[in-house]
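Data first, discussion second: the structure below is written as structure tokens.
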Amino acid sequence: MATNRSRGSRLAQLPSWVLGLAGIALFLLVWEAVPRLGLANPEYLPPASEVLQIFVRNLGLTSFWVAVGHTMTGWALGLAIASTAAVVLGLVIGSSRFLRQATHSTIEFLRPIPSVALIPLAVLLFGVSLRSTLLLVVYAAFWQVLIQVLYGVTDVDVVASNTARSYGLGRWARMRHVVWPTTLPYLMTGLRLGAAVALILAVTSELVIGVPGLGHEIALAQSGGAATAMYALVLATGMIGVVINIGMRFVERRVLSWHPSVRGEVRP
């Protein structure tokens, strides 16, 4: 018992990236074994080694990168529009008790509506085009950012706000020196959540509506019976999600390098 406990503590002391790679290796090992042992039909679930071969081959294809470009364009534009609108509205609504109370019911009604429920509306309004993707992405990412900004604005310390007012700081000066530093950590959390949701909706719109991109390529591979190519494209979307998350975490640490929570992460 004592030996197992000491072995577990030694494993827990390994760097997080080593444990992460070990988890991925274990997942790929299980994936490889399931079709090889006949636990799943290889026609529908090909071994991981075959999928990885197609994934690597795709990296050298121009058509693959064109599809990635379409997906990332919808993701980036949608996230930028949603974030800008959410920050402006969040600061305006959060700074006014009247507006917070007047919009609370509307926000709580609209926020839970899934973006995929808007797919028929997007097709009717914009057809099979980038604007359909933007409608879904903006709607999904907007609420993630808006809610976090509202939390940040309402979390402003009353004493700090009154002190700034007593020193004669105007509305914009208080917004810049008191409200914005408090809201920024919440905003970064909202952006990280919104970035992940935006990618999901970008791929979903391509998959369901047929807008050009990785989702459309996945649908074509599935309808053509090319299961290995389909899984390779699904793997690509997962890799893009990981890269986006790493990028957002990097930006968050740079922007919030002064914040105690980030300083606590960096400190060994």
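Between A122, A202, A141, the GNM of the chain built on Cα springs shorter than 10 angstrom shows A122 fluctuating the most.
Here the chain is treated with +1 on each Lys and Arg Cβ and -1 on each Asp and Glu Cβ, and its dipole about the Cα centre works out to around 1100 debye. Straightening the chain between V159 and I246 buys 27.7 nm, computed as 0.36 nm per residue apart minus the Cα-Cα spacing. Average accessible surface for the chain: 59 Å² per residue, computed with a 1.4 Å probe over protein heavy atoms with every protein chain in place.
Working from the Cα coordinates of segment 14-98, the gyration tensor eigenvalues give, after taking √(5λ), semi-axes of 41, 21, 14 Å in decreasing order. With the cut-off at 1.5 for a/c, could you classify segment 122-268 from its C-alpha gyration tensor as rounded, prolate or oblate? It is oblate, given that a/c is not under 1.5 and a/b is not larger than b/c.
Here the Karplus curve 6.51 cos²θ - 1.76 cosθ + 1.60, taken at θ = phi - 60°, turns the phi angles of segment 176-182 into couplings of 6, 9, 10, 6, 4, x, 6 Hz, with x standing for Gly and Pro. For the options G210, G74, G60, a Gaussian network treatment of the chain with springs between C-alpha atoms closer than 10 Å singles out G60 as fluctuating the most. Highest mobility in the GNM of the chain, judged by mean-square fluctuation with C-alpha springs under 10 Å and restricted to I240, I107, I24, is found for I24. Its residue count N sets the reference 2.2 N^0.38 Å, and the alpha-carbon radius of gyration of segment 57-140 equals 1.43 times that reference.
Give me the Å³ per residue figure for the convex hull around the C-alpha atoms of the chain.
202
Filter the chymotrypsin sites (Phe, Trp or Tyr not before Pro) in segment 129-184 down to the DSSP loop ones having no more than 10 other Cβ atoms within 10 Å, then list what survives.
Loop-located and lightly packed - Y167.
For the chain, the fraction of 1.4 Å probe accessible surface lying on carbon and sulfur atoms is 68 percent.
The values are calculated or read from the model by the stated rules, or taken from the named source; none is laboratory data. As the structure is a computational prediction, the values presented were derived from the model and not from experiment. Every residue, glycine among them, receives a Cβ derived from its backbone with ideal geometry; neighbour counts consider all protein chains shown. Accessible surface is based on the protein model in full, side chains and every heavy atom, while ligands, DNA and RNA are left aside. Shrake-Rupley method; radii C 1.70, N 1.55, O 1.52, S 1.80 Å.
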